[in-house]
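Since every read-out is calculated from the coordinates, none of them should be taken as a lab result. Predicted model, so just to flag it, every value in this text is computed and none were measured. Ideal geometry is used to build each Cβ from the backbone, glycine not excepted, and the neighbour counts take in all protein chains shown.
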């Protein structure tokens, strides 16, 4: 089977490892880890400093313009690693002609393409699979805990009340079908699971995420499995994703 060709749109911390991020904890690092199945062929990044950093670190070309970059690199997998408020514009450009041939999209959370974005929403109805990167769905610990213990009644979270922290636990509560009690806390993230049936609670520090790099690889692997074999996606966009978006 031929390798998939992958392009990352956005060469910041989660896309390319710019500044402080662990290289394994990036989209580019996940592509490198699964290089037997997929090849990172380039980035699209308008910021000159980030573009140069990605080019030097990953030894692939970086384009400033999406239509030109997609046309030149011809990917069949695209990562969208931009701020939530920029996603609508990116999807407009990807699916307005330049994205022909794209078989799958790996999009950073939260997925905020709204109904008003005609071209963006059309990608959902045209059969283009989208994996939203809610990492706990790909984390071995979280998947195993759910299988071993079952679904909790309530998820009590202590963490920063910002979109990048809270959306993960909005998703975890949806996945586990539990109620969510989010308690703003300006410190390390932690959460408690409450089980009525067992009259027990379980406490997790650091958001319960033990090896984010492994979860990144698992999420990418699941998207590739979906493209190749029709395996169900772990984290497709919600039908009501706009309700998950949290305004600051």
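Here is how the numbers come out for the structure above:
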item	result
Peptides ranked, highest mean first, by Cβ atoms within 10 Å: ranges 65-72, 43-50	43-50, 65-72
Value of Rg/Rh across the stretch 140-208 [Cα atoms, Kirkwood radius]	0.94
Sequence of 235, 96 once ranked by neighbouring C-beta atoms within 10 Å, starting from the fewest	96, 235
Cubic angstrom per residue, convex hull over Cα atoms of the stretch 6-87	85 Å³
Cα centroid separation - the stretch 135-197 against the stretch 43-60, whole Å	34 Å
Bridge type composition, the stretch 140-208 - antiparallel percent by DSSP, nearest 5	65 percent
The stretch 140-208: relative contact order as a whole-number percent, Cα under 8 Å and 6+ apart	35 percent
